[in-house]
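Let me begin by presenting the structure, written as structure tokens, before commenting on it.
The values are calculated or read from the model by the stated rules, or taken from the named source; none is laboratory data. Just so it is clear, the model here is predicted, and its values are computed rather than measured. Positions of Cβ are generated from backbone atoms using ideal geometry, with glycine treated the same way; all protein chains shown enter the neighbour counts. Surface areas here come from the heavy atoms of the whole protein model, side chains and all, with no ligands, DNA or RNA. Shrake-Rupley method; radii C 1.70, N 1.55, O 1.52, S 1.80 Å.
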Amino acid sequence: MNRERFNDLPWDELIRVDEIPWEEMNDFYDRLPDDPDLWKPLLETYRHFRDTYFGEDAKENYDGLYALAILAKGFHRLPPETQKEAAEALVEELVKADELEDDFLLDLVHAACGSLGPAVLPAVMTRLEKGFDPDRAGMDLLALTEQAAKSQDPFLRRRVEDYCTRIARDTLVDRYDPETTTDALGTLIRLGAIDPQDPALFFERLGSEPLPEKDRDVLKNGIGFAEDIISEQNTDVPVDQWVKEFRQEFYDLYHDTSEEDETDYDDEVDPQLDRANQLANEFEESPAAGQLSPEAREHVGFAAGVLLEYAWNHIGIPAEDLDRPALEELLLDIFPRKISAEPEFFRCLPEIVAAFLHWLKEKGILKKDPEPLAAAVIRWRDRIFTASQNPANWGPAKGLFMDAQDQGVDVSNQEEFDRYIAERNLQLLAPQTPYNDEEFLEPVQPIVNAGPKIGRNEPCPCGSGKKYKKCCGKNL
């Protein structure tokens, strides 16, 4: 790697394994505007990491992750021509990761490409227009087309719109799998090319002849599914956030967090999460928790722990800084959307949180006066419960698990759950009227992983109180 011009930068600090070297990463970030060629050795650092990060002789190392994050965060500081070159190189790395069949690297490079915003689209579209190939990062490239909704370039927007329209039309002929169709339709919805409530105008664009009713039904089902998914997607994940998430993923990979090993390495990685667990355990054993109703005591440890964990992971707020806006977002939005627990949990949640706030103040942790905060939480009791039971508020993962449980599926049985997802995918895009012999097309081959992705370190949607990777996701 050609680092000679940049030997004054702290490259050795990027290999640290004890913590993320934020300060040193900023040294690289600040250098990029003055010396844009720095992007090349940064990318070479990632490539070396890609080729050596895992194997018998591999040593724990995160420099490729940090180098990619620096490049993604500093991308918009590069000159336009350099941006173009860097974007093309990152798109090729996305294809390479898919060829290697490495999900960790694929997700990592996809996150980096997404951080480039609409500037990544010319490289993405050039790749896609050569021919859609699911085995050469086609799915991830298609997902990146959603960035077109942020572009101010009408020609680029139209280019993306035309391509996704063709994918939707080809669905009726080639029977692309549900995930492919969903990504294309989702981009068209974001661009305003499809009105989910009245897609008739879009149907007219698909051909000179009116679409058969069965084809309309296929697309209507796909549009409905795409609308549900994109309503829950966050397409603007900050670089600093995904760096933490992937650092944790790689840590788990290096340390082989297995079913027999109950050590929560990810909590050791982030002191705030370790502290959240400690405080929740202390509160669960405290006299304050003992004064709660018997029903609330059943859920007190999980409720307190996930409150602090979600406050940190989703809002970036530690226990000290909990305030009314944070509690409102957590209890009325994030909890109902993400946590799949029995109704009794949500009935008891306000009582537990109110007591926990007072306890945090008594311990000298909470800065705010707990009295008005606790009073507000109690007033939200009915709203919390109603939101948690309304399917319209559920995220895709929770909705999937709740539907599966309603159908009697044992979500802890991976084979049974995979079979349910496959059948559900077929139903989503299946024609409403059967084909006759002349119209018969080979049925869709379902992709088992096409269900909504659940974070490995999030509470399991089955409601057990364990993390997903320790419960229903441990055999994935």
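Which of the helices (runs of 4 or more DSSP H) contained wholly in segment 321-381 include at least 3 residues that are touching a Leu at 6+ places or on another chain (Cβ under 8 Å)?
Filter on segment 321-381 gives 343-362, 370-379.
Just checking, does segment 3-20 include any residue being part of a helix (DSSP H, G or I), under 25 Å from R127 (Cβ atoms) and of a type in the set (D, E)?
The answer is no; no qualifying residue exists.
Within segment 199-220, work out how many residues are farther than 16 Å from D170 by Cα and in contact with a Leu (Cβ under 9 Å, 6 or more places away or on another chain).
1
Across segment 30-59, what is the total count of residues that are modelled with pLDDT of 90 or more, open to solvent by less than 90 Å² (accessible area, probe 1.4 Å) and part of a helix (DSSP H, G or I)?
15
Can you tell me which residues in segment 101-116 are farther than 16 Å from L65 by Cβ and either of a type in the set (A, V, I, L, M) or in contact with a Ser or Thr (Cβ under 8 Å, 6 or more places away or on another chain) (or both)?
L116
From the list I378, I384, which one is closer than 23 Å to A289 by Cβ and free of Cβ contacts under 8 Å to residues at least 40 places away in the same chain?
I378
Filtering segment 173-193 down to residues that are more than 21 Å from the chain's Cα centre (by Cα) and modelled with pLDDT under 80, which residue is surrounded by the most Cβ atoms within 10 Å (Cβ to Cβ)?
The residue in question is Y176.
State which residue is farthest from C113 (Cα to Cα) when the search covers only segment 132-167 and only residues that are aliphatic (A, V, I, L, M) and free of Cβ contacts under 8 Å to residues at least 40 places away in the same chain.
I167
Return the residues of segment 280-331 that are open to solvent by 30 Å² or more (accessible area, probe 1.4 Å), farther than 23 Å from W394 by Cβ and of a type in the set (S, T, N, Q); say none if nothing qualifies.
Result: N281, Q291, S293.
Which helices (runs of 4 or more DSSP H) does segment 194-311 wholly contain that include 2 or more residues that are modelled with pLDDT of 90 or more?
Of the helices (runs of 4 or more DSSP H) lying wholly inside segment 194-311, those with at least 2 residues that are modelled with pLDDT of 90 or more span 239-255, 271-284, 287-290, 294-297, 300-310.
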